[in-house]
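The values are calculated or read from the model by the stated rules, or taken from the named source; none is laboratory data. What you see is a predicted model; the values in this text were computed from it and never measured. Here the Cβ positions follow ideal geometry from the backbone for every residue, glycine too, while neighbour counts run over all protein chains shown.
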């Protein structure tokens, strides 16, 4: 009899909830009982409230159990979970789970499904088909296909990827680079991490296609040091891709050469800003550069460089494989394709939801997210990380796409959404935004370096009721100065959460004090 | 880890594998800290000389990044995520509980160097908040009761 196959995620979120101990216990129980079991450490499906989520392969598909603690494992064996038997933790066929079934998984199609470091499994699930196509296509056509797909940068700036690539392609230089921004520092976001830990070959393939498109021979993944699990998976995957001839010299026998090195950040939020990331990759302080010149013209080590986020690059293989039109058909307005939305904070069902652009916030927060985890009413969500605006319940019918959110004064950013219930103190959250900016400012621009600290002090005075009206004016002036006087988004966008909190929740600022 | 400050030769050996890389200073600093536990002051002139930089430039890079330490870390390190998602799920209450249990304030190291309590800003575990890290191992959906369990496991390991 062949070994039963059991999937236990190796993703950091599952590991932080005890998945490694669960895998060890399954192994131990199987040995004790003399049962042959093969444990595959997959990525997470993104139903985080059910992690650690264990799946077994049965004739009727993959059946899930969760959340599984090590102490549940003997009982699962007793019940006969390897044959798919019913148990109080049974979740049934995982792919039929409404949270997953009602998604449109394109970029995350393989995440949680395959062994992330097995080239054979990746290939068996359409892996490297985009690269195969790219090797038959001229650089100009690769760039055109990406442009035609409508793919925009998923890191937050939403700049059309193909146009950036075209600029790099048109440069004549002895060396060009692909720099993948994996410095996912925004609170509420984890899509990059989940992708790297669940399907790293797709990122490698996307970077290789970008290299073929623009004529680059070296790539870097700038990975935040807070992601050691991603680092391990990427290191294994890069070695496996090289070993199988999909990376390095003579890729797939084509004669093309491209290689990738992972470089670790060192705990600086600002290094997620592209020019600061380039400084850091060059071994310097991560201070932002003045643009122009654009990185596409003069980027890493002064050479033309494609700087794209993990999800942007990982979206490319499917575009090459299935065609620009298939991708373009998804989405709404000028936001084409799908977006991995990340549900975080006070929600009953936090996790990852990949959908084409154009669903509403309400749908996302209640149909997928299940409302608050605390059972209290939701009061606000912050979209797009610590520099994103706070959105009140009255605006939950806004459409999730780039234009829909900017219409209500918010930004989609990297697609992370943090929900708060009615116990949140929005003056505190506004103060935190300023304090975070002060903590993470690179120091180059005065409005950001000094203004953020003054911002904390002014908010404290407003809340304490000291010259409240005058200080509200000072805060507004300060926000204007930061928006217009900062080189990058840190100083330039910190006012967004502050001003949106003031606008939608003014009562939180005037509750205390004497005036 | 080294019990004493590494010698110049030991430092040179640590950074030797990174020498051919373009822009290698961060890679070298990681190599040193991973092995030594921190970046000792004695590494600064060595790195400056090897990379043809001024000592001020090397110092400037080390001090820019929160990750690099200039002294040995505490024996036990607790790092609590203080970002928005963890705040949305009672992160403040958890932090207050941990401060009380460890008798340390956020940002402090105990006088005998046995334990430190540091804030971090996002571990990327926002769908399982609140999160923290103990000696480099991540834990999510941490309640005060769960923290007490982790703390007693930590004490048993000693």
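Scanning segment A:96-123 for residues that are over 22 Å from the mean Cα position of the chain (by Cα), closer than 20 Å to residue A:10 by Cα and surrounded by 15 or more Cβ atoms within 10 Å (Cβ to Cβ) turns up A:118, A:119, A:121. Once segment A:283-308 is narrowed to residues that are within 14 Å of chain B (Cβ to nearest Cβ) and surrounded by fewer than 24 Cβ atoms within 10 Å (Cβ to Cβ), the residue that is nearest to residue B:60 (Cα to Cα) is A:285. When residue A:434 is tested against (1) at pLDDT 95 or above; (2) over 24 Å from residue A:346 (Cβ atoms); (3) surrounded by 23 or more Cβ atoms within 10 Å (Cβ to Cβ), exactly one condition is not met: (2). Here residue A:280 does not fit the description of being within 14 Å of chain B (Cβ to nearest Cβ) and surrounded by fewer than 22 Cβ atoms within 10 Å (Cβ to Cβ).
Taking the criterion of being within 22 Å of residue A:396 (Cα to Cα) and surrounded by fewer than 18 Cβ atoms within 10 Å (Cβ to Cβ), the residues of segment A:468-508 that qualify are A:503, A:506, A:507.
All conditions but one from (1) over 25 Å from residue B:127 (Cβ atoms); (2) away from every other protein chain (no Cβ under 14 Å) apply to residue A:449; the one that does not is (2).
In the condition set (1) away from chain B (no Cβ under 11 Å); (2) within 20 Å of the chain's Cα centre (by Cα), residue A:320 is compliant with all but (2). Of all residues in segment A:227-244, none are part of a strand (DSSP E or B), in contact (Cβ under 8 Å) with a residue 60 or more places away in the chain and either farther than 22 Å from residue A:138 by Cβ or within 14 Å of chain B (Cβ to nearest Cβ) (or both). Of all residues assigned to segment A:70-88, none qualifies as being within 14 Å of another protein chain (Cβ to nearest Cβ) and closer than 21 Å to residue A:122 by Cβ.
For residue A:461, the requirement of being in a helix (DSSP H, G or I), without any contact (Cβ under 8 Å) to a residue 12 or more places away in the chain and touching a helix residue (DSSP H, G or I) at 6+ places or on another chain (Cβ under 6 Å) is met. In this entry, residue B:133 is excluded by the filter for residues that are more than 18 Å from residue B:82 (Cβ to Cβ) and under 18 Å from the mean Cα position of the chain (by Cα). Among the residues of this structure, residue A:297 does not count as one that is within 25 Å of residue A:327 (Cβ to Cβ) and either within 25 Å of the chain's Cα centre (by Cα) or touching a residue at least 12 places away in the same chain (Cβ under 8 Å) (or both). Restricting segment A:263-274 to residues that are in a helix (DSSP H, G or I) and within 12 Å of residue A:442 (Cα to Cα) leaves a set whose member that is nearest to the other protein chains (Cβ to nearest Cβ) is A:269. Of the numbered criteria (1) under 30 Å from residue B:70 (Cβ atoms); (2) in contact with a strand residue (DSSP E or B) (Cβ under 6 Å, 6 or more places away or on another chain), the one residue A:328 fails is (1). Taken over segment A:442-457, residues that are surrounded by 23 or more Cβ atoms within 10 Å (Cβ to Cβ) and at pLDDT 95 or above amount to 5. Could you list all residues from segment B:2-34 that are over 29 Å from residue A:177 (Cβ atoms), under 21 Å from the mean Cα position of the chain (by Cα) and assigned to a helix (DSSP H, G or I)? B:11 - this is the single residue of segment B:2-34 that is over 29 Å from residue A:177 (Cβ atoms), under 21 Å from the mean Cα position of the chain (by Cα) and assigned to a helix (DSSP H, G or I). Given the criteria touching a strand residue (DSSP E or B) at 6+ places or on another chain (Cβ under 9 Å), within 9 Å of chain B (Cβ to nearest Cβ) and in a strand (DSSP E or B), does residue A:343 qualify? Yes: the conditions hold for residue A:343.
Per the conditions (1) assigned to a loop (DSSP other than H, G, I, E, B); (2) touching a helix residue (DSSP H, G or I) at 6+ places or on another chain (Cβ under 7 Å); (3) more than 11 Å from chain B (Cβ to nearest Cβ), the sole criterion not satisfied by residue A:314 is (1).
For segment A:158-176, a tally of residues being surrounded by fewer than 17 Cβ atoms within 10 Å (Cβ to Cβ) and closer than 12 Å to residue A:148 by Cβ returns 1. Just one residue in the set A:212, A:203, A:195 is surrounded by fewer than 24 Cβ atoms within 10 Å (Cβ to Cβ) and either assigned to a loop (DSSP other than H, G, I, E, B) or touching a helix residue (DSSP H, G or I) at 6+ places or on another chain (Cβ under 7 Å) (or both); that residue is A:212.
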